[in-house]
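In what follows, a single structure is set out as C-alpha cells and then discussed.
The values are calculated or read from the model by the stated rules, or taken from the named source; none is laboratory data. Only a predicted model underlies this, so the values are computations on that prediction, with no experimental measurement involved. Because the Cβ atoms are built from the backbone with ideal geometry, glycine has one as well, and the counts that use them run over all protein chains shown.
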Amino acid sequence: MAGHPPYPRKAWIIEVSDGQGEDKVGHYELRADHPYPDTLISQHTTRQDAEDAKERYVSEDKK
C-alpha cells in the first residue's frame, strides 16, 4: 500500500472516448500523481460524478 498522499492533493479529470460521433465519450477518469505519475483514482459515467469525486479527494476535511 502506498499510503495516503500528502496535502494539498492535486487531481484532474480526463474524458475517455469510446467510439465516434455524438456518443464518443465513454467515461471520465479522476487522476493524480500519487503514488505514481498519472495514477487512475476512479472512473465515472458523468462529469458531475467525477467533479464530486475530485472535490472529496482534494478536500482536507475527511468525514
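Would you pick out the residues in segment 35-50 that are in contact with a strand residue (DSSP E or B) (Cβ under 9 Å, 6 or more places away or on another chain), closer than 21 Å to P6 by Cα and hydroxyl-bearing (S, T, Y)?
Answer for segment 35-50, where residues must be in contact with a strand residue (DSSP E or B) (Cβ under 9 Å, 6 or more places away or on another chain), closer than 21 Å to P6 by Cα and hydroxyl-bearing (S, T, Y): T39, S42.
Go through segment 1-33 and report how many residues are modelled with pLDDT under 90 and either under 15 Å from S59 (Cα atoms) or among the acidic types (D, E) (or both).
Total meeting the criteria: 9.
If you check every pair at least six apart or on different chains, which have Cβ atoms under 7 Å apart with a residue in segment 27-53 that is without any contact (Cβ under 8 Å) to a residue 60 or more places away in the chain first and a residue that is crowded, with 16+ Cβ neighbours inside 10 Å and in a loop (DSSP other than H, G, I, E, B) second?
Listed by first residue and then by second, the contacts come to A32/P5; A32/R9; H34/P5.
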